[in-house]
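Every number in this text was worked out from the coordinates using simple rules, so none of it is lab data. For clarity, every value in this text was computed on a predicted model and none was experimentally measured. Using ideal geometry, Cβ is built from the backbone for each residue, glycine included, and neighbour counts are taken over all protein chains shown.
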Amino acid sequence: FASWSQGGPAVQSLVVPTSNTTYTIQYNTEYQLTTAVSPAGSGSLLGGNYYLAGSTAGITPLANPGYAFVNYAGDLSGATIPGSVVMNSPKSVNANFAGIPSLTIARTAATGLPASRIWTLTVTNSATVGAANAHIASLALTQTAGETCTSPPVVSSLPGSPNLGSLAAGGSAELPVT
């Protein structure tokens, strides 16, 4: 609704006149912005609504835990947050999200004498998506119990950032540390 020809509020009572009278309602053109996310349950996309023709609609993707926003599809492209689209026709925007791998490291074995201890660390991907090119750039180990090591197993950088490869969802890889 924009206005009545005789003025007044959007909702009004009219007394029917005794002579021919024309009342004109003027409407603003509005377009609908529909939004969706992919995959389902990965997040939400704020901004779906009706907008005046020519106005700019703001669009904000919100990732659920374990997911990250990747990009827009449909009538908006790119990955700028927030996004915007000019509403000069009905529009549809989809937000694409991707799962985030969740890697944990646990000591699963310790062998050898204290002076030459070899630790086996297991890296596990507990997420629902795989981790490609998983590697460890640095690692620090601190002994908190047991027989004191004469050569503490503290590693500040691992040679060549060991590449664990691709870890499938629920997969794991072992890494020996001396």
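Take each peptide in 126-133, 91-98, count the other Cβ atoms within 10 Å of every residue, and average; sorted highest first, the result is 91-98, 126-133. Our Cα-only numbers for segment 1-52 put the radius of gyration and Dmax at 19.7, 62 Å. With R₀ fixed at 45 Å, the C-beta to C-beta distance from residue 108 to residue 77 puts the FRET efficiency at about 0.50.
Here Rg/Rh (Cα atoms, Kirkwood Rh) was calculated from the structure, and among [x] 1.39; [y] 1.17; [z] 1.10 it sits at label [x]. With the convex hull constructed from alpha-carbon coordinates only, segment 1-103 shows a mean projected area of 9.1 nm² over all directions.
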